[in-house]
1. Give me a count of the residues in segment 22-42 that are closer than 14 Å to residue 10 by Cβ, loosely packed, with under 15 Cβ neighbours inside 10 Å and touching a residue at least 24 places away in the same chain (Cβ under 8 Å).
2. For segment 49-58, which positions are outside any loop (DSSP other than H, G, I, E, B) and more than 20 Å from residue 3 (Cα to Cα)?
3. Could you check how many residues of segment 8-21 are farther than 15 Å from residue 47 by Cα and exposed (fewer than 14 other Cβ atoms within 10 Å of the Cβ)?
4. In segment 43-59, what residues are touching a helix residue (DSSP H, G or I) at 6+ places or on another chain (Cβ under 9 Å) and free of Cβ contacts under 8 Å to residues at least 40 places away in the same chain?
5. Answer yes or no as to whether residue 61 is surrounded by fewer than 17 Cβ atoms within 10 Å (Cβ to Cβ) and part of a strand (DSSP E or B).
6. Please find, within segment 1-33, the residue that is farthest from the chain's Cα centre (by Cα) out of those that are under 14 Å from residue 60 (Cβ atoms) and assigned to a helix (DSSP H, G or I).
7. Which condition number in (1) modelled with pLDDT of 95 or more; (2) loosely packed, with under 14 Cβ neighbours inside 10 Å is the one that residue 49 fails?
8. Look through 36, 46 and report the one residue that is under 11 Å from the mean Cα position of the chain (by Cα) and outside any strand (DSSP E or B).
């Protein structure tokens with residue numbers, strides 16, 4: 001497993017809803033990490049599961 005972090009904007013249906021959100025997760029790939037982070041954001045902000053959340057910024061793979 002790799003450790004990924006994200007710091008950047010959050011988009012909901014192509015509209016920016018947060019300018020600078022920080023999140024981190026462990027995942028086997030960058031795609032899975034992005035999926036985990038969008039799930040985290042939805043859960044922490046009480047959004048419905050079918051809300052289209054995207055993280056347009058870059059994920060950073062960190063060495064720990």
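1. Summing the residues that are closer than 14 Å to residue 10 by Cβ, loosely packed, with under 15 Cβ neighbours inside 10 Å and touching a residue at least 24 places away in the same chain (Cβ under 8 Å) in segment 22-42 gives 0.
2. 53
3. 3
4. Across segment 43-59, the qualifying residues are 47, 48, 49, 51.
5. Yes.
6. 30
7. Every condition holds for residue 49 apart from (1).
8. One residue alone meets the criteria, 36.
The values are calculated or read from the model by the stated rules, or taken from the named source; none is laboratory data. Values in this document were obtained by computation on a predicted structure and should not be read as measured data. Note that each Cβ is placed from the backbone with ideal geometry, even for glycine, and that neighbours are counted across all protein chains shown.
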